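The structure under discussion appears below in the form of structure tokens.
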Amino acid sequence: MPQVSKRVLSFKEDKIVGLSSHEERRQHPRFSVKLPLDFWQTPDVVQRGVVTDMSEIGLGIRSTHEIPISAGLGIRVYLGRVYLSRGEVSFDSIEGTGRIIWRTAHREQDWEGYRYGMYIMKMASDSRDRLMKYILMLQGEGSSPNRKRPSDGL
């Protein structure tokens, strides 16, 4: 099968780089997940999506909302429930900003929307620490990069 070259924008280096469709260039492996996501371009309009995979520097996202490539977004990813005293439940989350670097239309069974790749631009140190702990947990579960985890239901 011939290799097809893709051109993608690298926000790290601010230049166009060529990538082969069969060549993995990620320095940070992604792990499959299924986590709720809130995102916004302006704080008064929060939209929802699902994080389908994650790494230290990026997220794979699905949403019914169309987001332009290069859009900067505020993000909140819900990592899981935290049970507080008196039976109260809170959600452990990470927050930051990201930039959409690619988009494709996506359809499966009864769902139609978009798949996105997002580069994480900024994250407060406490959110960054929680993200890294979560990724270490995924690695510790024996979850291999770029594979679905049985609990994801994808």
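The values are calculated or read from the model by the stated rules, or taken from the named source; none is laboratory data. This one's a predicted model, so the numbers in the text were calculated from it and none came from an experiment. The area values use the complete protein model at the heavy-atom level, side chains included, leaving out ligands, DNA and RNA. Shrake-Rupley method; radii C 1.70, N 1.55, O 1.52, S 1.80 Å.
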Next on the checklist: Full-extension gain between Lys133 and Asp44, please, as 0.36 nm times their residue separation minus the C-alpha to C-alpha distance.
Outcome noted: 29.0 nm
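Using 0.36 nm per residue of separation minus the Cα-Cα distance, give me the extension gain between His28 and Asp126 in nm, one decimal.
Numbers: separation 98, 0.36 × 98 = 35.28 nm, distance 1.99 nm.
Working it through step by step, the gained length comes to 33.3 nm.
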Checklist outcome for this item: Taking alpha-carbon centroids only, the stretch 69-137 lies from the stretch 28-43 a number of Å equal to 3 Å
Item to check | Heavy-atom SASA rank of Leu131, Leu136 (probe 1.4 Å, accessible area, largest first) | outcome: Leu136, Leu131
Item to check | Other-chain or far-sequence residues with amide H under 5 Å of Ala71's (modelled H) | outcome: Ile100
